[in-house]
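J.: Below are the structure tokens for one structure; questions will follow.
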Amino acid sequence: MKCQSVRNRFVITGAPGSGKTPILRELVRLGFPGVNEPAREIIAEQRAIGGSGVYDKDPQLFCDLMLERAIADYQRLADAGEPAFFDRGIPDMVGYAELFALDISAALAASRRCRYDDVVFALPPWPEIYVTDADRRMNFEAAQSFGDRVREVYLDLGYTIVEVPRGPVAARARFIAEYGGQARRATWPRR
């Protein structure tokens, strides 16, 4: 795996259920490339084929598949000239590995080789919008702890965290687009 440091590839991270996916959908609607969260995609794919690569059957395989997908997504957009947004990044995979008490070395090594823009957008835990479902079973406190740990991983890797304020999805997406675009306006999609 050969990766690089890429500007204009922004990660949106935070606690599960804090609103990342709706914000990503809004950014895509505004014309930005967006990359879905690997966990939800892997769970859906594995369940569709009766595979064991889901967290409640084979956590190691689940984490390996997520890391592989996150790296592939990173590489797929590495040469694109326009800004892109990721619903979680490779460093989030360190948090998943820790969550399942697995070895973090592969995820950490990939996080060091495949760097996103220095700015990472973090969403705070938000109990009023947090819901569980068939795939998200952790309680709010566990989700909050996971989000806190992932934030620490990004800080340890030298990223700058920008907290996205709570509010309507469109306002949060606009905040991310405007904040991230301050130094890069010429490359952003015209609206």
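Laboratory data are not the source of any read-out in this text; all were calculated from the coordinates shown. What you see is a predicted model; the values in this text were computed from it and never measured. Every residue, glycine among them, receives a Cβ derived from its backbone with ideal geometry; neighbour counts consider all protein chains shown.
J.: Which of these, D117, D103, D92, has the largest mean-square fluctuation under a Gaussian network model of the chain (Cα springs below 10 Å)?
T.: D103
J.: Most exposed first by the Cβ proxy, i.e. fewest other Cβ within 10 Å, how do V119, V35 rank?
T.: Numbers: V119 17, V35 24.
Sorted ascending by nearby Cβ count, the order is V119, V35.
J.: Non-local amide H neighbours of R9 (under 5 Å, H modeled in plane, Pro and chain starts lacking H): which ones?
T.: So R9 has HN proximity to A84, D117.
J.: While we're looking at this one, here's another question. So, in Å, what gap is there between the alpha-carbon centers of the range 126-162 and the range 39-85?
T.: Computed from Cα coordinates, the inter-centre distance equals 18 Å.
J.: Continuing with the same structure: Could you put I176, I49, I90, I71 in order, starting from the residue whose Cβ has the fewest other Cβ atoms within 10 Å?
T.: I49, I71, I176, I90
J.: Near the amide H of G34, under 5 Å away, which other amide H atoms are found, from residues 5 or more places off or on another chain, if H is placed in the peptide plane?
T.: F85
J.: Another question, if that's okay. For R137 and E41, what is the calculated FRET efficiency with R₀ set at 25 Å and r taken between the beta-carbons, to the nearest 0.05?
T.: Working: r = 18 Å, r/R0 = 0.70.
In this case the efficiency is close to 0.90.
J.: Separate question: Exposure proxy check: R136, R88 ranked by fewest other beta carbons within 10 Å? Before the final figure, lay out the partial values.
T.: On the way: R136 14, R88 27.
Ordered from fewest to most neighbouring Cβ atoms within 10 Å, R136, R88 come out as R136, R88.
J.: Please give the peptides 78-87, 122-131, 16-25 ranked by average Cβ packing (other Cβ atoms within 10 Å per residue), highest first, as a rough proxy for protection.
T.: Values: 78-87: 17.7, 122-131: 14.9, 16-25: 21.1.
Highest to lowest by the protection proxy: 16-25, 78-87, 122-131.
J.: What distance in nm lies between label points placed 7 Å from Cα along the C-beta direction at D156 and F100?
T.: So the two model labels end up 1.9 nm from each other.
J.: In a Gaussian network model over the chain where Cα atoms closer than 10 Å are linked, find which of M93, M138, M66 has the largest mean-square fluctuation.
T.: M138
J.: Find the cysteines in the chain that fail to meet the 4.7 Å Cβ criterion with every other cysteine, and list them.
T.: Isolated Cys, the chain: C63.
J.: Could I ask something else about it? Could you check which residue among E45, E68, E152 shows the biggest mean-square fluctuation in a GNM of the chain with a 10 Å Cα cutoff?
T.: E45
J.: Can you compute the charge dipole magnitude of the range 9-187 about its Cα centre, using +1 on each Lys and Arg Cβ and -1 on each Asp and Glu Cβ, nothing else charged? Give it in debye, rounded to the nearest 20. Mind showing how you got there, number by number?
T.: Working: 22 positive and 26 negative charges, 101 e Å.
Charge dipole of the range 9-187: 480 debye, to the nearest 20.
J.: Shifting gears a bit: Just want to confirm a number: the relative contact order over the range 9-187, from Cα pairs under 8 angstrom separated by 6+ residues, in percent.
T.: 34 percent
J.: Here are a few candidate values for Rg and Dmax of the Cα atoms in Å: [x] 20.5, 75; [y] 16.4, 50; [z] 15.7, 47. Which one was actually calculated from the structure I just gave you?
T.: The listed entry that was calculated here is [z].
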